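The values are calculated or read from the model by the stated rules, or taken from the named source; none is laboratory data. In this text the structure is predicted, and so the values were computed from the model without any measurement. FYI the Cβ positions are ideal-geometry reconstructions off the backbone, even for glycines, and counts take in every protein chain you see.
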Amino acid sequence: MPIITSTQLALISQNLLKAAGASDEEAEIVTRFLVNANLAGVDSHGVVPNLTVYLQGLRSGTIKTRAKIEVRVDGPSTALIDGNWGFGQMACSKAMEIAIDKARKTGVGAVGIFNCNHIGRLAEYAQMAVDNGMIGFITANCEPYVAPYGGRTPVLGTNPLSYAIPAGHEKAVIVDYATSAAAEGKVRAALLKGEQLPSGWIVDAHGHPSTNPADLYEPPFPPERIKLAGALLPFGGYKGYGLGLVVDMLAGVLTGAGSSQDMASGWLTNGVFIMVLKIDNFVPLEDFKDRVDRLVKSIKNSPKAEGFEEILIPGEPEVNERERRLRNGIPISENAWQPLVQACKKYGIDVESLMRI
């Protein structure tokens, strides 16, 4: 299993994106979001497996390079952004900046995005609000992958959401998860690694529970253009199903991006809804941080269940993993590494020289 540094992975990603037509700015920003996901241990949203899908999108014209990000509706606290089918990371980072600016002026900023390609790991954007001393919330819908509670065919997207809440001396609280039992990318990552899935993640084409990641997809494998044979399941039964439905209405219906049923199957697109809250429009920021610290400490110092040595706060595992991977490198399975090597050969990029940096 290759283990490479974040610098090496970033160089491979940037060179491939630029060779496929992306601008220097697009290649840098998209790569930053992808590599940060790998560093956090969220490989399903990292360079592998997403970069090869992005390259296919660039070749087909589904992802437009140098797309103009336009504010279609602009109010004191709200905005609606047209991503014009550029890179999702470009549109979403700009939208979060707008939401933060509006929250700074009015106390709250709410921004929607439509005509938007895949934005990647949501926590990266919510963290931007925390970096500005604010609370961040972001949610996104996508094409159908998830069966409703009681159903067996895809109707809803994985429809993830993320909250980011600043603390004082403690780590920020970062909640980030799909409303499905797992993100589709995690199933794809397991397929590339040759691993089985936990039970309760997927059903096959006949609606039968399965732990084989290949049962989610139609061949060939690994899937470059996603076409489902089975379906993901919502987490927590009807509870995850209900949250996923709400996400579809906020990120899809409210923004005009369309619900999961309006999106083309087989391509990674997102409707996005963002909200940022300026804390000191409610309570003094330092008081808020102190109270968050006290709450976090009380949780971490509470009695441990049998088999547990530590109680972690949401977002803490990713921070710890980032420190480990910055120190030890990023592991990539051979099945995931080879498509990157082949892509480099296709675009005339000397991957061996990049690996020596």
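Observations, loosely collected:
- Count of the stretch 296-322 residues which are in a loop (DSSP other than H, G, I, E, B), without any contact (Cβ under 8 Å) to a residue 12 or more places away in the chain and among the small types (Gly, Ala, Ser): 3
- Hits in the stretch 13-38 - residues which are of a type in the set (Gly, Ala, Ser) and buried (at least 21 other Cβ atoms within 10 Å of the Cβ): SER13, ALA22, ALA27, ALA37
- Among the candidates ARG121, ARG59, the residue that is over 17 Å from ILE274 (Cβ atoms) and of a type in the set (Lys, Arg) is uniquely ARG59.
- Per this entry, GLY315 is counted among residues that are under 21 Å from the mean Cα position of the chain (by Cα), buried (at least 18 other Cβ atoms within 10 Å of the Cβ) and under 28 Å from GLY41 (Cα atoms).
- Restricting GLY157, GLY237, GLY207 to those that are touching a residue at least 40 places away in the same chain (Cβ under 8 Å) and at negative phi reduces the list to GLY157.
- Yes/no for GLU170 being more than 25 Å from VAL283 (Cα to Cα) and in a loop (DSSP other than H, G, I, E, B): no
- Leading residue by the ranking (surrounded by the most Cβ atoms within 10 Å (Cβ to Cβ)) among those in the stretch 325-341 that are farther than 19 Å from LYS186 by Cβ and modelled with pLDDT of 95 or more: GLY329
- Those residues of the stretch 247-281 which are under 21 Å from TYR54 (Cβ atoms) and among the hydrophobic types (A, V, I, L, M, F, W, C), in sequence order: ALA251, ALA257, MET263, ALA264, TRP267, LEU268, VAL272
- Residues located in the stretch 266-286, provided they are within 19 Å of PRO154 (Cα to Cα), surrounded by 14 or more Cβ atoms within 10 Å (Cβ to Cβ) and not aromatic (Phe, Trp, Tyr): LEU268, THR269, ASN270, GLY271
- Selection from the stretch 309-357 of residues that are among the β-branched types (Val, Ile, Thr) and out of contact with any strand residue (DSSP E or B) (no Cβ under 7 Å at 6 or more places or on another chain): ILE311, VAL319, VAL341, ILE349, VAL351, ILE357
Conditions (1) buried (at least 20 other Cβ atoms within 10 Å of the Cβ); (2) more than 19 Å from the chain's Cα centre (by Cα); (3) modelled with pLDDT of 95 or more, marked per residue:
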position	(1), (2), (3)
ALA40	yes, no, yes
VAL48	yes, no, no
LYS68	no, yes, yes
THR78	no, yes, yes
TRP85	no, no, yes
CYS92	yes, no, yes
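- Given (1) farther than 30 Å from GLU97 by Cβ; (2) at pLDDT below 95, index of the condition TYR177 fails: (1)
- Matching residues, the stretch 180-196, being modelled with pLDDT of 95 or more and surrounded by 21 or more Cβ atoms within 10 Å (Cβ to Cβ): SER180, ALA181
- Of all the numbered requirements in (1) at pLDDT 95 or above; (2) in the same structural domain as ASP131 (by TED's automatic domain parsing), GLN261 misses one, and that requirement is (1).
- Here ILE357 meets each of (1) touching a Leu at 6+ places or on another chain (Cβ under 7 Å); (2) under 30 Å from THR106 (Cα atoms); (3) among the β-branched types (Val, Ile, Thr) with one exception, condition (2).
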